[in-house]
Amino acid sequence: MAVNLDQHFMIDKDLLKEVASYADEFDVILEIGPGKGALTEELAKRAQMVFAIEKDNDFMEELEEKFTGSKKVVFMFDDVMKAEFPRFTKCISNLPYSICEPLLWRLFRLEFESAVLVVPEGFADILIGKSWSKLNYILPIFYSIKKVKTIPRDAFFPEPRVKSALVVLTPRKSDNPLREIYLQYDKKLRNALREMVMKKDDLTKRKASLQVSTMFPKKMLDKKVLNLSAVEIKQLMEKV
């Protein structure tokens, strides 16, 4: 079987146990990208249930054979960016590198206790604000974030080009108005703002639309929320 360049299987047994240790007997775990099931196996020893979403059908036969008879593991062979998530308490995953940021957008809308993720170290540094990104404006509204440790390249096969890191994200409450806007990240900014203004000021849809149309340039209002630049996010923060 050919290995996708985005797939780096965790092979360090101590690391697998450490990552899985965040699950307990009452947890329903969401695992994204189980690959050959090494982390899945450790999670199943600890959690009440594991829902594992795998996009690559090449792993289907191996995974189903490995967990034959298990009542604690359910595999969903689907694209995680399109799949309907089951209810879960924790997301514990060695993430495919290409979906790290897109997955965070999906998680914004969900209720869960924590996300325990293995990600590229450079992305982990963005998450904790050590490296600059427009995400630095947004993530603290939704999560408390801790970088637990750096993980060497040889903990994976094939070895990735960069080091990885273990991070823990804990959802947090916030009354920052950007939260309401970014919960609508896949809408145009004008529509997200309109919904916020209608709710906040008890306005009709028409009056809210008129108010929003004067707040920012049309080009900015017509952008999807997730596509706003750092400069535009700063402008948004200053006005809302």
Of the conditions (1) surrounded by fewer than 16 Cβ atoms within 10 Å (Cβ to Cβ); (2) aliphatic (A, V, I, L, M); (3) within 21 Å of ASP27 (Cβ to Cβ), MET81 clears all except one; give me its number. (3)
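Yes or no, residue by residue, for (1) assigned to a loop (DSSP other than H, G, I, E, B); (2) touching a Pro at 6+ places or on another chain (Cβ under 6 Å); (3) loosely packed, with under 15 Cβ neighbours inside 10 Å:
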{"site": "PHE59", "(1), (2), (3)": "no, no, no"}
{"site": "GLY69", "(1), (2), (3)": "yes, no, yes"}
{"site": "PHE85", "(1), (2), (3)": "yes, no, no"}
{"site": "PHE88", "(1), (2), (3)": "yes, no, no"}
{"site": "SER98", "(1), (2), (3)": "no, no, yes"}
{"site": "TRP105", "(1), (2), (3)": "no, no, no"}
Cβ pairs under 9 Å, 6+ apart, first in the range 191-204 and under 16 Å from LYS239 (Cβ atoms), second among the hydroxyl-bearing types (Ser, Thr, Tyr) and in a loop (DSSP other than H, G, I, E, B): ALA192/TYR185
So the check is Cβ under 8 Å with 6+ separation or different chains; which pairs have a first residue in the range 62-80 that's free of Cβ contacts under 8 Å to residues at least 60 places away in the same chain and a second one that's assigned to a loop (DSSP other than H, G, I, E, B) and among the polar types (S, T, N, Q)? LYS72/GLN48
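Okay, residues lined up against (1) among the hydrophobic types (A, V, I, L, M, F, W, C); (2) more than 26 Å from SER144 (Cβ to Cβ); (3) more than 26 Å from the chain's Cα centre (by Cα); (4) not in a helix (DSSP H, G or I):
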{"residue": "ASP175", "(1), (2), (3), (4)": "no, no, no, yes"}
{"residue": "ARG190", "(1), (2), (3), (4)": "no, yes, no, no"}
{"residue": "GLN211", "(1), (2), (3), (4)": "no, yes, yes, no"}
{"residue": "MET215", "(1), (2), (3), (4)": "yes, yes, yes, yes"}
{"residue": "ILE233", "(1), (2), (3), (4)": "yes, no, no, no"}
Residue in the range 193-207 that is crowded, with 16+ Cβ neighbours inside 10 Å, more than 28 Å from SER21 (Cβ to Cβ) and among the basic types (Lys, Arg) present: yes
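Every residue in the range 20-55 that is in a loop (DSSP other than H, G, I, E, B) and either among the polar types (S, T, N, Q) or not assigned by TED's automatic domain parsing to the domain that holds PHE67 (or both), please.
SER21, GLN48
Being assigned to a loop (DSSP other than H, G, I, E, B) and either within 23 Å of the chain's Cα centre (by Cα) or at pLDDT 65 or above (or both) is the filter here; which residues of the range 1-19 pass it? Working first, answer last.
Taking the range 1-19 as the starting set, the residues that turn out to be assigned to a loop (DSSP other than H, G, I, E, B) are 1-8, 11-12.
Answer for the range 1-19, where residues must be assigned to a loop (DSSP other than H, G, I, E, B) and either within 23 Å of the chain's Cα centre (by Cα) or at pLDDT 65 or above (or both): ASN4, LEU5, ASP6, GLN7, HIS8, ILE11, ASP12.
Somewhere in the range 127-139, is a residue under 17 Å from LEU95 (Cα atoms) and assigned by TED's automatic domain parsing to the domain that holds LYS82?
Keep residues of the range 127-139 that are under 17 Å from LEU95 (Cα atoms), which gives 127.
Filter once more, keeping what is assigned by TED's automatic domain parsing to the domain that holds LYS82: 127.
Yes: one or more hits.
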Consider SER93 carefully, then state whether it is among the polar types (S, T, N, Q), assigned by TED's automatic domain parsing to the domain that holds VAL148 and in a loop (DSSP other than H, G, I, E, B). no
Within the range 202-232, restricting attention to residues that are touching a helix residue (DSSP H, G or I) at 6+ places or on another chain (Cβ under 8 Å) and of a type in the set (Lys, Arg), which residue is nearest to GLU180 (Cα to Cα)? LYS224
Can you tell which of PHE75, PHE123 is in contact with a helix residue (DSSP H, G or I) (Cβ under 7 Å, 6 or more places away or on another chain) and part of a helix (DSSP H, G or I)? PHE123
Anything in the range 127-177 that is under 17 Å from LEU110 (Cα atoms), of a type in the set (A, V, I, L, M) and in contact (Cβ under 8 Å) with a residue 40 or more places away in the chain? List them, or say none. ILE138, ILE141, VAL168, LEU169
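The values are calculated or read from the model by the stated rules, or taken from the named source; none is laboratory data. Keep in mind that what you see is a predicted model, and the values were worked out from it rather than measured. Don't worry about glycine lacking a Cβ; one is built from the backbone with ideal geometry, like all the others, and counts go over all protein chains shown.
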